[in-house]
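Comments concern the structure below.
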Amino acid sequence: MSIAENRADLTIIIVSTNEADWLEACLTTVFAHAGEAELDVVVVDNESTDGTRELVESRFPQARVVPSENRGFAHANNRGAMSGMAPYVLFLNPDTEIVEGTFGELLATLDACPDTGLAGVRQVTADGTLWPTIRYFPSVGRALGEALACERWPLRPRWAGEREVDLSLYDQELECDWTSGSFMLARRDALLSAGLLDERFFIYSEEPDLCLRMKRDGWKVRHLPSMTIVHHAGKAGVRPRMVAQDAFTRRQYAQKHFAAPRRGAYLAMVGFGQALRAAAPTRGEAAAQRRDAARLALRTLSGSADPPFGPPPPTAIRPS
């Protein structure tokens, strides 16, 4: 794998697995919001067949295309990260658009906070609704709270649920446990000292895993409100395979980070939540899809169904 020779301030990695329809808006806004930062923009072509490479090379010649075998989100992002040398690395989803702030301003904030290893920003949906991206690490209590629909409670204690749903906090700069993988801005030193994304997570759970490793290594994770992006989240609706994948990676995360008693209790609460969803009344097609997704997730969690994207590799970083 060749490494970019330019000394940019920020390498921006955008993985496309047949995401060409989103790339034009994403890349246009990325370059428009560079500010005073020198950008090294990398589109990782994850075995796309929709003209991703041709679109980037014809419409955005200032960006680089890095080919990658489709071995998952973490693998593709690592290929992009290892292809650059900039002191900051941004993992950015292709279905996003930058709407407020500049990368120059964002990097200046991080330069002034040398103990910050990773940061997220404000995210809104296509209709302007604020999307909760400040997260707390998985725990037994939070898995139980999510099983019992804690986000609908009138008052929700912090031990219940992984998402921070007090939306007033999103206008503040604050420390958090982890942040959504659709926008993760990492200091390269922190990324290298804690380790790159763990490629055993095909997709999902790689974000809390990375942030936990960074915190254990002495780095902070922060939410920075100086930039706002639109994230077209949930564009595909309920997909049973992806719900099952989320359950599978929660099992992986628990096996990696929890001792046996805590691991068993946590997975029991995750399974309890899926069992409640699987048994819920089905009224309409969407409810039936959620039920079917929960049933597949239960089988995957118990090991009676294969991992949705195949067995994970034996090591955290695959050879190039």
Note down all Cβ pairs under 9 Å where the first residue falls in region 208-224 and is touching a residue at least 12 places away in the same chain (Cβ under 8 Å) and over 22 Å from GLN252 (Cβ atoms), the second is among the hydroxyl-bearing types (Ser, Thr, Tyr) and buried (at least 23 other Cβ atoms within 10 Å of the Cβ), and they're at least six residues apart or on different chains.
ARG222/THR179; HIS223/THR133; HIS223/THR179
Filtering region 1-31 for residues that are of a type in the set (Asp, Glu), in contact with a helix residue (DSSP H, G or I) (Cβ under 8 Å, 6 or more places away or on another chain) and either at pLDDT below 95 or open to solvent by 60 Å² or more (accessible area, probe 1.4 Å) (or both) leaves a count of 1
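Residues checked against (1) among the small types (Gly, Ala, Ser); (2) under 15 Å from SER180 (Cβ atoms); (3) in a helix (DSSP H, G or I); (4) modelled with pLDDT of 95 or more:
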| site | (1), (2), (3), (4) |
| --- | --- |
| TYR204 | no, yes, no, yes |
| LYS215 | no, no, yes, yes |
| VAL221 | no, yes, no, yes |
| PRO225 | no, yes, no, yes |
| ILE229 | no, yes, no, yes |
| GLY234 | yes, yes, no, no |
| GLY237 | yes, no, no, no |
| PHE248 | no, no, yes, yes |
| GLN255 | no, no, yes, yes |
Scanning region 115-134 residue by residue, those β-branched (Val, Ile, Thr), open to solvent by less than 20 Å² (accessible area, probe 1.4 Å) and outside any strand (DSSP E or B) turn out to be THR133
Just to be sure I understand the filter: pairs with C-beta atoms under 7 Å, separated by 6 or more residues or on different chains, first member in region 271-285 and touching a residue at least 24 places away in the same chain (Cβ under 8 Å), second member of a type in the set (Gly, Ala, Ser). Which pairs pass?
PHE272/ALA147; GLY273/ALA143; GLY273/ALA147; GLN274/ALA247; GLN274/ALA294; GLN274/ALA297; LEU276/ALA147
Which one of ALA112, ALA81 is open to solvent by 20 Å² or more (accessible area, probe 1.4 Å) and among the small types (Gly, Ala, Ser)?
ALA112
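Only one of these is touching a Cys at 6+ places or on another chain (Cβ under 7 Å), closer than 30 Å to PHE272 by Cα and in contact (Cβ under 8 Å) with a residue 40 or more places away in the chain: ILE134, ILE203. Name it. Full working, then the answer.
Numbers: ILE203 fails: touching a Cys at 6+ places or on another chain (Cβ under 7 Å).
Selected residue: ILE134, the only one of ILE134, ILE203 that is touching a Cys at 6+ places or on another chain (Cβ under 7 Å), closer than 30 Å to PHE272 by Cα and in contact (Cβ under 8 Å) with a residue 40 or more places away in the chain.
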Scope region 252-276; condition open to solvent by 50 Å² or more (accessible area, probe 1.4 Å) and touching a helix residue (DSSP H, G or I) at 6+ places or on another chain (Cβ under 8 Å); matching residues:
GLN255, LYS256, ARG262, ARG263, PHE272, LEU276
Please state which one of LEU144, LEU107 is out of contact with any strand residue (DSSP E or B) (no Cβ under 8 Å at 6 or more places or on another chain), more than 23 Å from ALA233 (Cβ to Cβ) and either touching a residue at least 24 places away in the same chain (Cβ under 8 Å) or buried (at least 19 other Cβ atoms within 10 Å of the Cβ) (or both).
LEU144
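Could you run through region 215-229 and say how many residues are open to solvent by less than 20 Å² (accessible area, probe 1.4 Å) and touching a Ser or Thr at 6+ places or on another chain (Cβ under 8 Å)? Spell out how you get there, then give the answer.
From region 215-229, those open to solvent by less than 20 Å² (accessible area, probe 1.4 Å) are 221, 223-224, 227-229; that's our starting set.
With the extra rule that they be touching a Ser or Thr at 6+ places or on another chain (Cβ under 8 Å), the set shrinks to 221, 223-224, 227, 229.
Of the residues in that region, 5 qualify.
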Where a residue in region 48-71 is in contact (Cβ under 8 Å) with a residue 24 or more places away in the chain and closer than 15 Å to TRP22 by Cα and its partner, wherever it lies, is open to solvent by 60 Å² or more (accessible area, probe 1.4 Å) and part of a loop (DSSP other than H, G, I, E, B), with Cβ under 8 Å and at least six apart:
SER48/ASN18; THR49/ASN18; ASP50/ASN18; THR52/ASN18
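The values are calculated or read from the model by the stated rules, or taken from the named source; none is laboratory data. The structure displayed is predicted, hence computed values, not measured ones. Please note: Cβ atoms are built from the backbone with ideal geometry, for glycine as well, and neighbour counts cover all protein chains shown. Only protein heavy atoms, including side chains, enter the accessible area calculation; ligands, DNA and RNA are left aside. Shrake-Rupley method; radii C 1.70, N 1.55, O 1.52, S 1.80 Å.
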